[in-house]
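What follows is a single structure, written as structure tokens, with notes after it.
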Amino acid sequence: VQLQASGGGLVQTGGSLRLSCAASGRAFSSYPMGWFRQAPGKEREFVAAISWSGGSTYYDDSAKGRFTISRDNAKNMVYLQMNSLKPEDTAVYYCAAGESDQPIVAVWTNPYYWGQGTQVTVSS
């Protein structure tokens, strides 16, 4: 599966952005999906994940209560709605997928597919 992220940009503290990830390839609905981010000088870190059905979601503590991950299997899309953004959310955001038919945990334990990143910058 090929992934392409979009929707990044410059936003002020407290603002919102919605990231999108378009997936190509068959059987998209069988892949658990997620988002990671990498800030300058830091390692890539997990942000959020969603099961292949969309029935389960999981968030890093930094994202809980502010970010919402969702998917539309009919459109082969995954989204990350980000609200109440903070300067520390500034990073390149990547969408990722675990292997087909794997549980949601596979997204952060063994991400198998990566998209290119999209830059999110939150100004103070």
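The values are calculated or read from the model by the stated rules, or taken from the named source; none is laboratory data. Everything quoted here is computed from the prediction, not taken from an experiment. Because the Cβ atoms are built from the backbone with ideal geometry, glycine has one as well, and the counts that use them run over all protein chains shown. Protein only, heavy atoms only, side chains kept; ligands, DNA and RNA dropped before computing areas. Shrake-Rupley method; radii C 1.70, N 1.55, O 1.52, S 1.80 Å.
In whole percent, how big is the carbon plus sulfur part of the accessible area of segment 39-124, probe 1.4 Å, protein atoms only? For segment 39-124, the apolar C and S fraction of the accessible surface comes to 47 percent. The calculated 222 nm mean residue ellipticity attributable to helices in the chain amounts to -500 deg cm²/dmol, summing -39500 (n - 2.57) over DSSP H runs of n ≥ 4 and dividing by all residues.
Considering only SER51, TRP35, CYS21, and ranking their Cα positions along the charge dipole of segment 1-117 that arises from unit charges at the beta-carbon of Lys, Arg, Asp and Glu, the one farthest toward the positive end is CYS21. The packing ranking of peptides 9-18, 106-115, highest mean first, is 106-115, 9-18, where packing means the average number of other beta carbon atoms within 10 angstrom of each residue. Solvent exposure of the chain amounts to 50 Å² per residue of accessible area, where only protein heavy atoms count and the probe is 1.4 Å. In the distance distribution for the chain, Cα-Cα pairs more than 17 Å apart total 50 percent. Given +1 at the Cβ of Lys and Arg, -1 at the Cβ of Asp and Glu and no other charges, the dipole of the chain around its Cα centre is 260 debye to the nearest 20. Note on segment 32-88: Cα-only Rg and Dmax are 11.9, 37 Å.
Taking one quarter of the surface of the convex hull spanned by the alpha-carbon atoms of segment 58-124 gives a direction-averaged projected area of 5.2 nm².
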